[in-house]
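Colleague: Starting off with a structure, shown below.
Every read-out reported here was derived from the displayed coordinates using simple, explicitly stated rules and does not represent laboratory data. The structure presented is a predicted model; accordingly, all values stated were derived computationally and were not measured. Because the Cβ atoms are built from the backbone with ideal geometry, glycine has one as well, and the counts that use them run over all protein chains shown.
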Amino acid sequence: MAQAAKTIVLAEDDAVIARMYLTKLTRAGFRVIVCADGKQAYDELKTSQPDFVMMDLNMPELRGFEVIKALMDEGMAPPADRMIILTNSANPADRKLASQIGVDYIIKAEMTPRQIVNRINAKLGLPSH
Amino acid sequence: MAQSALPEDSSGLHQTAEEVYRKNLQLAEKNKTLTLLRKIDEIVLSAATDVDSAVTRVAQAVAEDSGFPFATIYVTNERKGVLQPRAVITRIGGEHAGGVAERELMGASISFRHSTNPMVRAVHKLMIVTSQHLFEVVQPALPIEETEQLQKELSLSTFFICPLQSRGDVLGAMVLGTAEKPDELSFYEKNLIERLAVSVGVALDNTLLYARSEEAAKRLRTANRHLKDLDKAKDEFISMASHQLRTPLTSIKGYLSMLLEGDAGKINKEQREFLTYAFAGSQRMVSLISDLLNVSRMAAGKFVIEAESTDITDIVQEEVDQLQRHADAKGLQLQFVPPKPKLPLMSIDEGKTRQVIMNFIDNAIYYTKQGSVTVTLKRKSRNVELRVEDTGIGVPDDAQKQLFTKFFRAPNAQVLRPDGTGLGLFLAQRVIEDQGGTIIFKSTEGKGSTFGFTLPLHGRRHGSSR
């Protein structure tokens with residue numbers, strides 16, 4: 001019997017980019033919950049425990065780091081190795097903060113969706129596509 | 001009869017006593033002068049913060065201790081072409097007259113155009129001018145009758161107008177007033193006026209210099225603050241611009257890659273070829289943005305290595321994957337020989353190191369017309385070594401020395417790719433060396449090149465780099 005699909009929370013406010021990752025992740029067999037802003041991501045992660053989180057930084061309502069910090073304060077943050085920051089931010093402070101939390105920091109434009117799926121598979125111990 | 005006991009010596013003794021008395025008086029006067037001059041020096045040395053308070057204190061000292069109970073100091077204002085009163089002190093004629101004098105005179109600047117004015121004459125001729133009328137001294141700024149009345153109330157008879165100069169510059173004038181007539185003045189008093197003029201001139205010079213240097217320092221501080229603001233705005237703009245450029249590129253590059261991967265159905269050979277070119281173009285733009293960001297940070301002295309725990313094998317594999325199609329489209333064999341056994345995680349700057357690896361592989365593909373590009377990553381004692389070997393055009397001998405300098409491009413590379421920036425290798429060297437590594441480079445023109453680096457496996461050794 002096939003293993004139950006792993007769930008990914010995708011926090012991404014750009015609908016075109018969200019659809020791109022959603023398509024690729026769904027094809028790769030993941031169940032994807034898309035959150036279009038930081039508040040939605042916070043509410044989702046407070047109630048559900050997905051297998052993996054893809055977190056954008058510059059989002060309306062709450063920035064990605066604000067979501068993570070709020071969840072950490074409540075002891076509800078996903079483990080650092082079950083999460084990646086996906087951003088196009090060139091601000092060195094953002095990269096530093098990600099490094100402090102211990103979470104991978106990926107410049108969206110530098111990786112194709114397939115590469116990101118492979119990165120997630122590797123982190124979840126799943127075979128690459 | 002003690003007096004008659006020394007009748008012959010009496011007049012001599014009297015003369016000696018008078019001599020001693022006179023000498024004592026002279027010494028007392030000298031002492032008074034020196035005390036006053038020292039007081040003036042001390043006022044300046046105490047680094048008064050503004051010209052007005054320093055000048056006022058000097059005028060007070062003069063009016064109180066020189067025997068000239070009326071002292072005013074004028075400072076040249078070249079922009080307005082006037083001698084501007086900066087201090088008026090009276091210690092004669094009672095409080096009321098003093099108050100009126102200070103108020104009236106402080107409001108009366110003397111224009112250089114009035115060449116008959118004794119103050120203007122003193123300044124032009126650089127000599128002490130004497131006047132017995134205050135209205136003459138301040139003409140035509142104040143009315144004659146009121147000024148005559150004021151002089152009477154102040155019981156002043158003579159005014160000495162001294163030019164104030166230092167190091168060859170005329171800085172202003174000082175007016176000293178006394179109740180005595182000009183011919184009643186002792187030698188000592190005349191001499192004192194000259195010495196005071198010199199001393200106050202130097203004092204004014206120092207005060208003005210101090211004020212000017214303070215003003216200049218203030219302007220520099222303001223300019224520095226503006227530059228910092230500007231620098232910050234520039235940084236923010238570059239960050240914002242690169243973010244704004246990368247976001248649409250994410251969609252362009254991402255969707256192109258998905259079309260190529262068949263996510264929207266099968267594509268024919270020609271479609272694949274066109275999409276590959278479009279994808280390579282988008283990839284090149286992503287790379288250019290990173291190069292420009294890094295170069296602008298370098299120019300601002302803000303290029304720093306941000307080490308994080310990284311799997312370098314993943315990075316090389318991901319960059320080879322990205323460029324695989326480009327190699328395929330050119331009919332080149334691109335292969336990656338991964339390390340065995342697996343490498344441990346390394347503490348390196350992932351973003352900048354990725355950019356170096358991308359640049360090496362992208363260059364190898366670009367400058368190789370046929371043959372292969374082989375990427376090898378392996379452990380070599382305490383280092384990790386990456387080599388990108390190609391069978392491309394190579395680098396001419398005479399261009400090899402300059403290859404890693406900013407904006408330099410080898411002539412044969414310029415022919416093949418006229419639009420290169422000449423930044424990739426320059427940045428690569430900096431990124432690798434700043435992490436304690438070394439660049440690997442060897443090439444034979446027409447046969448091929450090897451570009452690569454070694455990086456310490458366990459982080460940068462202390463003091464091993466710039």
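Colleague: Using only the alpha-carbon atoms of the stretch B:311-452 as identical scatterers, what base-10 log of I(q)/I(0) does the Debye formula give at q = 0.09, 0.13 Å⁻¹?
Modeller: -0.25, -0.54
Colleague: Another question about this same structure. What ratio of Cα Rg to 2.2 N^0.38 Å holds for the stretch B:169-221?
Modeller: For the stretch B:169-221, the normalised Cα radius of gyration is 1.67.
Colleague: Using a Förster radius of 22 Å, what is the FRET efficiency between residue B:421 and residue B:447 based on their Cβ-Cβ separation? Nearest 0.05, please.
Modeller: Taking R0 as 22 Å, the efficiency between residue B:421 and residue B:447 is 0.30.
Colleague: Compute the distance from the alpha-carbon center of the stretch B:187-265 to that of the stretch A:50-111, in whole Å.
Modeller: 34 Å
Colleague: If I histogram all Cα-Cα distances within the protein assembly as shown using bins 10 Å wide from 0, what percent of pairs lands in each bin?
Modeller: 3, 13, 17, 13, 7, 5, 7, 10, 11, 8, 4, 2, 1, 0, 0, 0
Colleague: Go ahead and run the numbers for FRET between residue B:26 and residue B:224, Cβ-Cβ distance against an R0 of 60 Å, rounding to 0.05.
Modeller: Computed FRET efficiency for residue B:26 and residue B:224: 0.60.
Colleague: Which residues' amide hydrogens lie under 5 Å from the amide hydrogen of residue B:164, considering only partners 5 or more residues apart or on another chain, with H built in the peptide plane?
Modeller: Sorted by chain and number, the residues that satisfy this are B:171, B:172, B:173, B:174.
Colleague: So if R0 is 22 Å, what FRET efficiency would residue B:457 and residue A:80 give, r being the distance between their Cβ atoms, rounded to the nearest 0.05?
Modeller: 0.40
Colleague: Along the three principal axes, how long is the stretch B:189-255 when you take its alpha carbons, biggest first, rounded to the nearest angstrom?
Modeller: 98, 8, 6
Colleague: Here's another thing I want to ask about it. Label residue A:124 and residue B:18 with points 7 Å out from Cα along Cα→Cβ: what is the distance between them in nm?
Modeller: With each label placed 7 Å out from Cα toward Cβ, I get 12.3 nm.
Colleague: Ok, one more. Say each of residue B:64 and residue B:153 gets a label point 7 Å from the Cα, pointing the same way as Cα to Cβ; how far apart are those two points in nm?
Modeller: Computed distance between label sites residue B:64 and residue B:153 equals 2.4 nm.
Colleague: Moving on. Sorted from largest down, give the three principal axis spans of the alpha carbons of the stretch B:199-318, whole angstrom values.
Modeller: Principal-axis extents of the stretch B:199-318 (Cα, largest first): 97, 29, 16 Å.
Colleague: Taking springs between alpha-carbon atoms closer than 10 angstrom, which of A:84, A:33, A:101 fluctuates most in the Gaussian network model of chain A?
Modeller: A:101
Colleague: Given Cα positions, please report Rg to Rh for chain B, the hydrodynamic radius being the Kirkwood one. If you can, show how the numbers build up before the last one.
Modeller: Numbers: Rg = 43.5 Å, Rh = 30.4 Å.
Here Rg/Rh amounts to 1.43.
Colleague: Could you work out the Rg to Rh ratio of the stretch B:283-325, with Rh taken as the Kirkwood radius (inverse of the mean 1/r over all Cα pairs)?
Modeller: That ratio equals 1.07.
Colleague: For chain A, take the convex hull of the Cα atoms, compute a quarter of its surface area, and give me that in nm², please.
Modeller: On the way: hull surface 30.6 nm².
The number I arrive at for chain A is 7.6 nm².
Colleague: I want to check the label-to-label distance for residue B:181 and residue B:127. Put each point 7 Å from Cα in the C-beta direction and report it in nm to one decimal.
Modeller: Between residue B:181 and residue B:127, the simple spin-label model gives 2.3 nm.
Colleague: I need A:112, B:444 ordered by Cβ neighbour count within 10 Å, fewest first.
Modeller: Fewest-to-most ranking of A:112, B:444: B:444, A:112.
Colleague: Over all distinct alpha-carbon pairs, what is the Kirkwood Rh of the stretch B:37-102 in angstrom? Numbers along the way, then the final one.
Modeller: Details: mean 1/r = 0.0788 Å⁻¹.
Evaluated over the stretch B:37-102, this radius sits at 12.7 Å.
Colleague: Just from its helices, what would the mean residue ellipticity at 222 nm be for chain B, if runs of 4 or more DSSP H residues each count -39500 (n - 2.57) and the sum is divided by every residue, rounded to the nearest 500 deg cm²/dmol?
Modeller: Calculated mean residue ellipticity at 222 nm is -18000 deg cm²/dmol.
Colleague: Alpha carbon centre of the stretch B:129-184 versus the stretch B:313-327: separation in Å?
Modeller: 92 Å
Colleague: For the stretch B:33-187, what does the equivalent ellipsoid look like in terms of its semi-axes, each the square root of 5 times an eigenvalue of the Cα gyration tensor, given largest first in whole Å?
Modeller: Values: eigenvalues 91, 76, 50 Å².
Computed over the stretch B:33-187, the values are 21, 19, 16 Å.
Colleague: Now for a different question. How are the Cα pair distances of the stretch B:284-370 distributed, in percent, across 10 Å bins from 0?
Modeller: Pairs per bin, as whole percents: 15, 41, 31, 12, 0.
Colleague: A further question on this structure: Residue-wise, which Karplus ³J(HN,Hα) couplings in Hz belong to the stretch B:313-318, taking 6.51 cos²θ - 1.76 cosθ + 1.60, θ = phi - 60°, and x for glycine or proline?
Modeller: 4, 4, 5, 4, 4, 5
Colleague: Take the Cα of residue B:216, step 7 Å along the line toward its Cβ, and report every residue of the stretch B:59-77 whose backbone nitrogen sits under 20 Å from that point.
Modeller: B:76-77
Colleague: Let me ask something additional. When the Kirkwood radius is taken over all Cα pairs of the stretch B:244-297, what Stokes-Einstein diffusion coefficient follows at 25 °C and 0.890 mPa s, in µm²/s?
Modeller: My calculation gives 205 µm²/s for D.
Colleague: Another question about this same structure. Working from Cα positions, state the angle (0 to 90°, nearest 10) between the long axis of helix A:64-73 and the longest principal axis of chain A.
Modeller: So the helix axis and the longest Cα principal axis differ by about 80 degrees.
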